[in-house]
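Taking it in order: structure first as structure tokens, then the write-up.
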Amino acid sequence: MNHKVKGLMKFLLALVIGCAVVFVALCGVGEKKKGSADGIRLGLDLAGGVSITYETVKQDPTQEEMQDTIYKLRKRVDDSGQTEAEVYQEGDNRINVDIPGATDAEATLRELGRVGEIFFILGTDNVELIGVDETTGQYQYAFLKSWDEIKAAGDIILDGADIHGAEAGWYQEYNITKNIVSLTLNDSGRVKFAAATTAHVGEPIAIVYDGKVISAPVVQEPLTDGKAQISGSFTTEEANNLATTIRVGSLPLELRELRSNVVGASLGQEAVSTSVFAAAIGVALVFLFMAIRYRVPGMAADLALCIYIGLMVVCLNLLEITLTLPGLAGIILSVGMAVDANVIIFSRIQEEIGAGKTVRSAIKLGFSKAFSAIIDGNITTLIAAVVLYILGSGTVKGFATTLALGIVLSMFTALFVTKFILYALYDMGFDKEKYYGEVKEYRQFSFTKHGKKYALISGALILAGIIGMVAGKVGKGEILAYGLDFKGGTAMTVTFPKETEISIAQLEEAVRTAIGEEAVVNLVSDSNAASIKTKELSEEQRNTLTNYWVDTYGADEKEIEVQSISGTVSGEMKKDAILAVTVATVCMLLYILIRFSNFAFAASAVLALLHDVLIVLAVYAVGRISVGNTFIACMLTIVGYSINATIVVFDRIRENVKEQLKKETYADIVNKSIAQTFSRNIYTSLTTFFMVAALVVFGVSSIKEFAIPLMAGIICGAYSSICITGLLWLKLREKLPQDEE
């Protein structure tokens, strides 16, 4: 078999695999459409719904009490038909409830937060068996009288205050295991239950929880010792659930709302559609750029990128990762970053061709020499994602998950898939130098001679940030425009009918009229909507204000987004943000120190990193961009991105130091290394910029707040990697002459 046929078969194999992955991503496999984009679980900010965090009033609840309360909340959510909801514990005394698609938000919040009630009532003349649920096999009962009539007749035997505990158990009868629920009553319950069971042997006693009959066992004999057993055709799971239900009803475990977020379904759909459209535009620009700039390798990268995007979608589905708006931004960002590895490889290939190597040798050497820079750069960004996942919460965790997944998949596609396709194309006959892009001689430019100019530029930008922070403190009372996540309060985003005229003064007066509170109002550009922020409002105040927009202004309740966060949570989030950035930075710099075995590299990376962070902070300060939960994700992304670019330059400096010529000074090595990596830094920044710029142009307002500073960080990262990083290393090396490579 000749090389062309072999190459064609390899290429067709890659093409078939690519088409298969894309097909699965679009259509899925089987009846449940496994792996498809349609099957990806959407977070509340994309699907719409209610998210709420509760804290127990009791300071130190037991783990059993917490589990019982979680079960109670999950049962209430399930009863409302919200099968996709999640209820989970956070810390020692907090519970999170996420309910995608919930329509009546305020009713949902009221229903979830109330304390459950449990009663034991006389079954005769009060309830009747009406059938069996075919799905669950559970008996179904109906009330024969109203609840007021049952209470008036004195037919309530026990309530939750009379129950001390309930445990699931089992016993053997004729070699058959039967599940039971054992009750323990307190003193008052024992007396009441003894009297009732003595008078009503052979009659049913109905157990009513949250207004529903959950069981109606028949009294077999008088029960006078404060203990009772409920037997029946229970499975083990059903017995455990019944015992938990009874315990929950007897616990006075009061909950208070710490934070909540209500997103209309239509707002979520808009976020999805605009973000997907932005992603499509960004990807198309990246494809076009790679094909034009790198020709055959660029087309190989485009096919590999298609496989990467398909794998990303499939993994999100199969791993059941909940996709949030920042998570979607993480995917779009990772697409831009996925090109980075290819750019490094292709630049190396062109250098080797320019040095006189054959095309096949250049391909082999290109992948080999780019390997360390790719691994080191991606691992540092991965460290940021892992720290963000561990120390972050909610949507930030979603961003970290998608970013980490994107990094892993991008390394796989660049180092293996792109390589496979490129060798296949070479064997097919694309073996001439002209197919691999123009080999340009890098121009020697003395970057190190212009250090003072770069220092003035950086100093001016950082000074602008400091002035912006001071002006913010004087004019607004805070150095940065802290969002709800960092200072607490309630925010509403209301979309008004197109024909309704709105103004800031008018809406501020409307809030005072409706609930008697002051508000900060901002109009949302390009839409007839407004963002209304107040101090933390009660549930009743939120409901009143929502009804006011609907009744007075004709707003659609489904298009009203409400977020409420207590001051306690916002304070914790500030600490978490500082901790996350600090821990991630330390971990990444330790990795650099270990990999490069040189303090000058690590120290200069710290200073370059600090430079980039301060400039992005300046963008937040001068632009008064909201500093919220996504601020943590943005900063850690900038940290990872900056370190990535720094490592590419350091990797080349390290290589050139080993090959140092006699007449070459370290300044010459720095200038040469920056020149050699110049195109990589520009092209990688450009492709990532395409993706983020598309978010700024086409994304919804909430994602623009994330994308704008990120775009500034990308520009700053490119600038510092070219003008700052190498110069810092040179200066530090001069100060530390004993620190030899």
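Data for the structure
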item	result
Residue count, region 476-501 (criterion: modelled with pLDDT of 85 or more and either aromatic (Phe, Trp, Tyr) or surrounded by fewer than 18 Cβ atoms within 10 Å (Cβ to Cβ) (or both))	2
Qualifying residue in region 669-685 (condition: open to solvent by 20 Å² or more (accessible area, probe 1.4 Å) and closer than 24 Å to ALA384 by Cα)	yes
Criterion (under 30 Å from LEU730 (Cα atoms) and touching a Leu at 6+ places or on another chain (Cβ under 9 Å)) met by exactly one of SER626, SER604, SER597	SER604
Unique match (being in a helix (DSSP H, G or I), open to solvent by 10 Å² or more (accessible area, probe 1.4 Å) and touching a Gly at 6+ places or on another chain (Cβ under 9 Å)) among MET337, MET290, MET299	MET337
Any hit, region 661-684, residues being under 24 Å from the mean Cα position of the chain (by Cα), farther than 17 Å from VAL335 by Cα, outside any helix (DSSP H, G or I) and modelled with pLDDT under 85	no
Pairs, first open to solvent by less than 30 Å² (accessible area, probe 1.4 Å) in region 372-386, second in a helix (DSSP H, G or I) and among the aromatic types (Phe, Trp, Tyr), C-beta under 8 Å, six or more apart	ASP376/TYR591; THR380/TYR591; THR381/TYR641
Per-region count, region 516-527, residues under 25 Å from GLU257 (Cβ atoms), open to solvent by 30 Å² or more (accessible area, probe 1.4 Å) and not in a strand (DSSP E or B)	3
Region 459-500: number of residues that are more than 13 Å from VAL619 (Cα to Cα) and part of a helix (DSSP H, G or I)	11
Matching residues, region 1-18, being open to solvent by 70 Å² or more (accessible area, probe 1.4 Å) and either within 12 Å of PHE420 (Cα to Cα) or of a type outside the set (S, T, N, Q) (or both)	MET1, HIS3, LYS4, LYS6, LEU8, MET9, LEU12, LEU13, VAL16, ILE17
Neighbours by Cβ (under 6 Å, 6+ apart or cross-chain): first from region 226-250, farther than 13 Å from TYR139 by Cβ and modelled with pLDDT of 65 or more; second open to solvent by 20 Å² or more (accessible area, probe 1.4 Å) and acidic (Asp, Glu)	ALA243/GLU167
Verdict on GLY406 being among the small types (Gly, Ala, Ser) and within 12 Å of the chain's Cα centre (by Cα)	no
Any chance PHE631 is at pLDDT below 85 and more than 18 Å from ILE383 (Cβ to Cβ)	yes
Search result, residues across region 1-39 that are in contact with a helix residue (DSSP H, G or I) (Cβ under 7 Å, 6 or more places away or on another chain), closer than 19 Å to LEU319 by Cα, modelled with pLDDT under 85 and part of a helix (DSSP H, G or I)	ALA37, GLY39
Single residue of ASP187, ASP125, ASP162 found to be of a type in the set (D, E, K, R), loosely packed, with under 15 Cβ neighbours inside 10 Å and within 29 Å of THR69 (Cα to Cα)	ASP187
Filter pass, ILE421 being over 29 Å from the mean Cα position of the chain (by Cα), touching a residue at least 60 places away in the same chain (Cβ under 8 Å) and crowded, with 24+ Cβ neighbours inside 10 Å	yes
SER642 open to solvent by 50 Å² or more (accessible area, probe 1.4 Å), in a helix (DSSP H, G or I) and at pLDDT below 85	no
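The values are calculated or read from the model by the stated rules, or taken from the named source; none is laboratory data. Since this is a predicted model, take the numbers as computed values, not measurements. Please note: Cβ atoms are built from the backbone with ideal geometry, for glycine as well, and neighbour counts cover all protein chains shown. Note: accessible area is taken over every heavy atom of the protein model, side chains too, but ligands, DNA and RNA are not part of it. Shrake-Rupley method; radii C 1.70, N 1.55, O 1.52, S 1.80 Å.
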